[in-house]
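Here is the structure we will look at.
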Amino acid sequence: MRLKVRLSLYRRSGHYVFSGSAVQKCGGCDLYRNTTQAVFGELETGTKSTKPKVAIMMIGEQPGDHEDKEGRPFVGPAGKLLDKCLEEAEIDRLKVYVTNTVKHFKWEPRGKLRIHKKPNMKEIHACRPWFEAELETVRPKLIVCLGAVAAQSLLGSSFRITQDHGKLQKAGFPPIIATLHPSAILRTRTEEDRHSQMKTICSGFA
Ligand code: SF4
């Protein structure tokens with residue numbers, strides 16, 4: 001059975017967020033177990049008192065360790081890199097709604113650490129109604145998929161981010177463009193690679 005939900009945005013200390021009570025009770029897949037909370041999308045409002053218009057919806061894979069604890073998307077190291085990429089691409093962060101394909105953190109233990117584990121298709125499919133509800137509420141002009149999981153969830157499993165990143169896609173949504181996830185920068189070893197990955201990600205926003 002597919003869940004149909006309707007959500008509304010409300011303002012909370014400088015951010016627009018969805019009322020998240022329903023998602024906190026979601027048991028659509030097993031990922032809610034062993035996590036702190038579901039993490040929904042968010043729009044920074046800065047000092048504006050009126051509801052801003054969303055130009056871009058950026059969708060990543062899933063919340064990470066920091067996000068799970070704080071209950072906010074893109075607040076960890078990858079989120080800081082995303083902010084930097086947006087700044088470099090001269091995109092107004094206050095018009096960018098950020099969210100994830102899957103709303104609970106999937107992880108496996110390694111010593112005392114919780115290490116990210118990629119969600120499977122069943123989990124992605126189970127979480128889809130939450131994304132659709134966000135999309136219906138936010139109504140962005142453009143969707144930017146950050147990484148292969150987000151891209152394949154919207155564009156099909158045959159989509160190859162290494163070949164097709166930065167190319168505008170139309171698939172019954174607002175136009176979609178896919179680029180690498182900012183966490184790819186964290187895996188680089190040299191300054192040169194880091195610069196090159198950042199350039200690739202930024203070019204995907206244009
Ligand atoms: S990941 Fe999505 S479908 Fe699974 S429990 Fe969390 S909110 Fe529900």
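Each value in this text was obtained by applying a stated rule to the coordinates, not by laboratory testing. This one's a predicted model, so the numbers in the text were calculated from it and none came from an experiment. For neighbour counting, all protein chains shown are included, and Cβ atoms are generated from backbone atoms with ideal geometry for every residue, glycine included.
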- [ ] Report, in whole Å, the centroid distance computed from the Cα atoms of the range 62-88 and the range 137-165.
- [x] 18
- [ ] Would you tally the net charge around residue 181, using a Cβ to Cβ cut-off of less than 13 Å, leaving residue 181 out, and scoring K and R as +1, D and E as -1?
- [x] +1
TODO: Sort the range 103-206 into rounded, prolate or oblate with this rule: let a ≥ b ≥ c be the square roots of the eigenvalues of the Cα gyration tensor; rounded if a/c is under 1.5, and if a/c is not under 1.5, prolate when a/b is larger than b/c, oblate otherwise.
DONE: oblate
Open item on the list: How much of the DSSP bridge set in the chain is antiparallel, in percent, rounded to the nearest 5?
Closed with: 50
TODO: Would you please classify the overall shape of the range 59-145 from the alpha carbon gyration tensor, given that a ≥ b ≥ c denote the square roots of the eigenvalues, rounded means a/c under 1.5, and beyond that prolate means a/b larger than b/c while oblate covers the rest?
DONE: oblate
- [ ] Please go through the range 101-206 and write out the trypsin sites (Lys or Arg not before Pro) that DSSP classes as loop and that have at most 13 other C-beta atoms within 10 Å.
- [x] 112, 117, 141, 160, 167, 170, 187, 189
TODO: Compute the separation of the alpha-carbon centres of the range 91-134 and the range 169-186 and state it in Å as a whole number.
DONE: 14
Task: Directionally averaged projected area (convex hull, Cα atoms, the range 135-191), nm² - done: 4.8
